[in-house]
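K.L.:
Here's a structure for you.
Values quoted throughout were computed directly from the atomic coordinates according to the rules given, and no laboratory measurement underlies them. The structure presented is a predicted model; accordingly, all values stated were derived computationally and were not measured. Cβ placement follows ideal geometry from the backbone for every residue including glycine, while neighbour counts extend to all protein chains displayed.
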Amino acid sequence: MADGRPNQDALSKIDTTVPHSARIWNYWMGGRDNYEVDRVAGDAYRKIAPTIETMARASRQYLIRAVTLVAGEFGVRQFLDIGTGLPTYDNTHQVAQRIAPSSRVVYVDNDPLVLRHAQALLTSTPEGVTEYIDADLHRPEEIVERARRVLDFRRPVALMLMGILGHVQDDEEATSIVRRLQAALPPGSYFVHYDSTNTDEALQKAQQGYDDTGAVPYVLRSPDRLAAYYEGLELLEPGIVSCPLWRPEPGTAPEPTDIYGGVARKP
């Protein structure tokens, strides 16, 4: 709890004059943890790329299905969720602990607003653990070292990088971060990931407009480029696909969106 307790220094760093990706994503998913500047930016983005709200909600449904598979069918009881963002509904610990109350979940983010809401994330079943670490994705070894206080890296861990790698501007650095995090995982661990892609011209235009506001930019990469994150792992079917098409619920007919992800096992 010491890692995640909000403090006045963290709260003073929250800038409400510039739109913020986590707050906008929260807005698109129907959350309330956002400001007027975020809603204005979110509406402007949606006007150019009307599918973005569908993408945001599809990403959460994908998270639910992926965590359900890893915790349920594969029996993983430890989750390292980096780039947590703001809590909305069916967060990782809620999904995992519904399946296995003893699940241990570590969230990682270094955003002051997420830090402010860490208390909301730090709920857990009596049998399990939910912890929050204030750390930077660019320092993967530090993340792993601090996560070891909660997670046992001798047993399988699900590493989750959900919509966060686009904030790493350099392609090689993004891949390096993924490799270094995966290297710490024991065999039998899983890599769960998604990111928005450059597969739609309207989305690229909307993203450029957002980046031009002075907010932290987000790089839209091709699905082929995202595939580099999975090298050396055993990629589960159906591979790296549009998130709504990744193991959809039976009886549904999902439409693809420009957000791609996949789940892979470390041999």
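K.L.:
Mind ordering 57-63, 258-264, 174-180 by average Cβ neighbours within 10 Å, highest first? Write out the running numbers ahead of the final one.
P.N.:
On the way: 57-63: 20.9, 258-264: 24.3, 174-180: 18.0.
Result, highest mean first: 258-264, 57-63, 174-180.
K.L.:
Can you give the relative contact order of the stretch 63-197 as a percent, counting alpha carbon pairs under 8 Å and 6+ residues apart? Write out the running numbers ahead of the final one.
P.N.:
Working: 237 pairs, mean separation 34.8, N = 135.
This gives 26 percent for the stretch 63-197.
K.L.:
With the contact rule set at Cα under 8 Å and sequence spacing of 6 or more, what percent relative contact order holds for the stretch 117-197? The partial results should precede the final answer.
P.N.:
Working: 79 pairs, mean separation 26.2, N = 81.
Reported relative contact order: 32 percent.
K.L.:
Right, here's the next one. Considering only DSSP states other than H, G, I, E and B, which trypsin sites (Lys or Arg not before Pro) in the stretch 146-178 qualify as loop sites with at most 11 other Cβ atoms within 10 Å? Let's see the in-between values first.
P.N.:
On the way: sites: Arg146, Arg148, Arg149, Arg154; in loops: Arg148, Arg149, Arg154.
Qualifying residues, ordered by number: Arg149, Arg154.
K.L.:
For the residues Ser21, Ser196, Ser124, what sequence is obtained by ranking on other C-beta atoms within 10 Å, fewest first? Walk me through the intermediate numbers first.
P.N.:
Working: Ser21 21, Ser196 25, Ser124 17.
Listed from fewest to most nearby Cβ atoms, that is Ser124, Ser21, Ser196.
K.L.:
Rounded if a/c is under 1.5, else prolate if a/b is larger than b/c, else oblate: which is the stretch 74-151, with a ≥ b ≥ c the root eigenvalues of its Cα gyration tensor? Mind showing how you got there, number by number?
P.N.:
Values: a/c = 2.00, a/b = 1.29, b/c = 1.55.
Cα axes put the stretch 74-151 in the oblate bin.
K.L.:
Considering Cα pairs under 8 angstrom that are at least six residues apart, work out the relative contact order of the chain and quote it in whole percent. List each step's numbers first, then the result.
P.N.:
On the way: 493 pairs, mean separation 52.6, N = 267.
Normalised by residue count, the contact order of the chain is 20 percent.
K.L.:
Dipole of the stretch 113-168, Cα-centred, from +1 at each Lys and Arg C-beta and -1 at each Asp and Glu C-beta, to the nearest 20 debye?
P.N.:
Working: 7 positive and 8 negative charges, 14 e Å.
The calculated dipole for the stretch 113-168 is roughly 60 debye.
K.L.:
Order the peptides 86-98, 208-220 from the highest to the lowest mean number of other Cβ atoms within 10 Å of their residues. Write out the running numbers ahead of the final one.
P.N.:
Numbers: 86-98: 20.8, 208-220: 15.5.
By packing density, highest mean first, the sequence is 86-98, 208-220.
K.L.:
Okay, next question. State to the nearest 20 debye the size of the charge dipole of the stretch 8-265 about its Cα centre, where the only charges are +1 on K and R beta carbons and -1 on D and E beta carbons.
P.N.:
Numbers: 26 positive and 36 negative charges, 156 e Å.
With Lys and Arg at +1 and Asp and Glu at -1, about 740 debye.
K.L.:
Could you give the distance between the Cα centres of the stretch 195-218 and the stretch 13-65, to the whole Å?
P.N.:
Answer, in whole Å: 13.
K.L.:
Using the Cα gyration tensor of the stretch 152-230, with a ≥ b ≥ c the square roots of its eigenvalues, what is the shape: rounded (a/c below 1.5), prolate (a/b larger than b/c) or oblate (neither)?
P.N.:
Working: a/c = 2.76, a/b = 2.33, b/c = 1.18.
Because a/c hits 1.5 or more and a/b exceeds b/c, the stretch 152-230 counts as prolate.
K.L.:
In the stretch 8-265, what % of DSSP beta bridges are antiparallel (nearest 5)?
P.N.:
Values: 11 of 32 bridges.
Counting only bridges with both partners in the stretch 8-265, antiparallel ones make up about 35 percent.
K.L.:
Under a plain spin-label model, where a point goes 7 Å from the Cα along Cα-to-Cβ, how far apart in nm are Asp43 and Val216?
P.N.:
2.6
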